[in-house]
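Everything on this sheet refers to the single structure shown next.
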Amino acid sequence: MGIMELIDTHCHIDVEAFDADRHEVLGHCHEKGVNRIIVPGIEAKTWDRLGKICAEYPGLFPAYGLHPVFVDQHTDDDLITLETRLQTENPVAVGEIGLDFYLDLDKDRQQSLFEAQLRLAQTAALPVILHVRKAHDTVLSTLSRIPVNGGICHAFNGSVEQAHRYMELGFKLGFGGMLTYERSHKLHRLAQQLPIDAIVLETDAPDMTGSSHHGNRNSPEYLPECLTSLARLRNEDVASIAEQTTANANAVLSLS
Ligand SMILES: [Zn+2]
């Protein structure tokens, strides 16, 4: 295997779970070729800290957004703060934003925050990082009304048909640790059937731990395990899948 350049397109390296050993974790990442990491925002009160951590380490790229799962925490003022931050902090995307209809959360409020953030992404000409659970059709119809500069649908687990609709809107689909589980039949079929130019890799660390570290904290240094699973599922060599998924992430996020 030659030198691989991997991008973890979704990792919460800013959270407390990494406070004790963030430096070591990022060192391991570099040894394994995971040189760039996208760090999506969750709540306005953590954006400052997220920005500081990204500025401290090369290869960390911030996104700012209001995560739909924390809908009850977000205020309208947060949208104003976000608008300013998008102009001043130079993030790679707006995110993570979207709709979560799996949990019992206020759908109308989620929808209005989602639309407001799509409009901010539109104005800033930025891609978006989507969190979507049990809400792909609603998200897709919202995106058709409020088109943005593409983005990534993180931890994609919809249908092939929905995947193609995202692709038509300029989106890539994020695949991570769930690929490493033998029981993930639906996800395996998706990973086999979708064109490789639609796929990007992610860990979602510290969540969504893969099979070989089950029960422990997930880490961006495990990204190569997602890569290996994807290559095996598609019966292609690891280096070429690495190259293509990295190119996809670069293209959609305009990373340098
Ligand atoms: Zn996330």
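The values are calculated or read from the model by the stated rules, or taken from the named source; none is laboratory data. Quantities reported herein were computed from a predicted structural model and do not represent experimental measurements. Please note: Cβ atoms are built from the backbone with ideal geometry, for glycine as well, and neighbour counts cover all protein chains shown. Keep in mind that these areas ignore ligands, DNA and RNA; they rest on the heavy atoms of the full protein, side chains included. Shrake-Rupley method; radii C 1.70, N 1.55, O 1.52, S 1.80 Å.
Data for the structure
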{"read-out": "Cα pair count fraction exceeding 21 Å, expressed as % - the stretch 117-256", "value": "41"}
{"read-out": "Of all accessible heavy-atom area on the stretch 6-253, the percent that carbon and sulfur account for (1.4 Å)", "value": "48"}
{"read-out": "Relative contact order computed over the stretch 1-139 (Cα-Cα under 8 Å; 6+ residues apart), in percent", "value": "21"}
{"read-out": "Over the chain, relative contact order from alpha-carbon pairs under 8 Å, at least 6 apart, %", "value": "20"}
{"read-out": "When each of 52/107; 32/52; 52/134 is checked by Cα-Cα distance, pairs over 27 Å", "value": "52/107; 52/134"}
{"read-out": "Among 199-209, 134-144, the order from most to least packed when residues are scored by Cβ within 10 Å on average", "value": "199-209, 134-144"}
{"read-out": "Dimensionless Rg over Rh [the stretch 1-151; C-alpha; Kirkwood]", "value": "0.99"}
{"read-out": "Probe 1.4 Å - accessible area at residue 119, Å² to nearest ten", "value": "110"}
{"read-out": "The stretch 211-256 and the stretch 132-165: distance between their alpha carbon centers, rounded to Å", "value": "21"}
{"read-out": "Cα-derived Rg to Rh of the stretch 6-253, Kirkwood definition", "value": "0.94"}
{"read-out": "With 10 Å bins from 0: P(r) over the stretch 90-159, alpha-carbon pairs, percent", "value": "22, 58, 20, 1"}
{"read-out": "Solvent-accessible area per residue for the chain (1.4 angstrom probe, square angstrom)", "value": "44"}
